[in-house]
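Quick notes on the structure that follows.
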Amino acid sequence: MKRNRNVGIIGVGQSRYSSHREEVNQPEMIHEAVVEALQMAGLTMDEVDCIVHGNMELFEMVHQPDLWHTIGTGAFGRENIRITTGGTTGATIACAADNLVASGLHDVVMAIGFEKLQEGHTTGGITNMADPLWARQLQTGALTGMTAAEMIEEFGEERAKKASMKYRILMDENCMRNQKAHRRLGLTMDQADDLMVNSPALVGELRMIHMCSQSDGACVVIFASEEKAKQLGIQPAWVKDHITAHREEMFCIFGREPYKTSMRYCAEKLFERNNIKDPRKEIDVFEMYDPSSWWGTDWIREFLLLEGDEHLKMVENSDIAFDGSFPINPSGGVIGSNPIGATALVRVAEAALQVMGKAGEHQLPKPINQALASGFGGTMWTVLMLLTKQPPV
């Protein structure tokens, strides 16, 4: 897509993710990530033009939290925009921040996503947003066993369960390299059979071990114009493109009519306009918004435009592992840390760190020239952002 000017990610900051951050309040927790991002970018708050702030407002039961958070975000006296789009919130604020810089309106924009889920009632917030009759399938909140049931029907119980559990253990191996991840369980492949049977059941074959957690945490990503990045002497992760799709027609409440998922729809559009013919060879790392290991396994097929059982083979052959041919979520993914308003922004942040070579202990052992990050939420909404090492031409 034609852009007015190039935009790069020059700073990333993240708090430590945990089930409970009782030692800090919301602004203090956000401030941790703000300070880290500013230090990486070599900036002060005086050089930040605008803050784009996002979370799931219902979950902490605090109205307009961005106003309270100015003491932690540094937003006082400068433009401040609040955005909420469900689970996609973090990716949406990344797209908005990029657009604000690409348009020429601002030179430096700070995107902030956070959630402090211990202070609210997440499932209560979700279930009370849906009509009790027409949207009754949403009344379980974010929990659904539908994908597990469909995979078992298509590939057989044994193979589907083993693939999902291997995906889960591979993600935990990545979490163990990420000191900020929430769920660092130290799982090993020889535990797979036991976990498939003994992990507490949630819905159908969706078990506790498969599902993402509720996490407290904040993520900050600083976007800057090419001119500003050069002035600072920083090699950024360049934003090449992004796309958002709200395809609620794929949320098939009635029947099993054929449909195209928002994941495949987004990927097709993004790859076509960026001339990506073979994503498995042309993309070096994928930070996927994977709410559970069932969805993560299933969505590999959608995002990479695969057919049949190619996605299962990628898991079975460890292609998605840290040292595999197509690594997915070297950070540990959403199953490892899920501060919902920040979760999709973490995907962008981690993809940028890989491109910049600054991911620390979970930096991949190969050159990263092109990275993909996804966000997911609402009734099957998807956001994709493509980052590159070289500035777009």
By the Cα gyration tensor axes a ≥ b ≥ c (a/c under 1.5 gives rounded; else a/b larger than b/c gives prolate, otherwise oblate), the shape of the range 308-380 is oblate
Mean-square fluctuation maximum in Gaussian network of the chain, Cα pairs under 10 Å, restricted to Lys269, Lys366, Lys228, hits Lys366
Protection proxy (average C-beta count within 10 Å per residue), highest first, orders 354-365, 7-18 as 7-18, 354-365
Once normalised by the length of the chain, the mean sequence separation of its alpha carbon contacts under 8 Å that are 6 or more apart gives a contact order in percent of 26
With label points set 7 Å from each Cα along the Cα-to-Cβ direction at Phe76 and Leu185, the distance between them in nm comes to 4.3
Expected sort for 37-43, 94-100 on mean C-beta neighbours within 10 Å, highest first, is 94-100, 37-43
The percentage of Cα-Cα pairs in the chain separated by more than 36 Å is 17
Given 113-123, 77-87, the highest-first ranking by average Cβ count within 10 Å works out to 113-123, 77-87
Taking Cα atoms only, helix 293-303 is inclined relative to the longest principal axis of the chain by an angle, in degrees rounded to 10, of 70
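Since every read-out is calculated from the coordinates, none of them should be taken as a lab result. What you see is a predicted model; the values in this text were computed from it and never measured. Glycine gets a Cβ as well: all are built from the backbone with ideal geometry, and neighbour counts include every protein chain shown.
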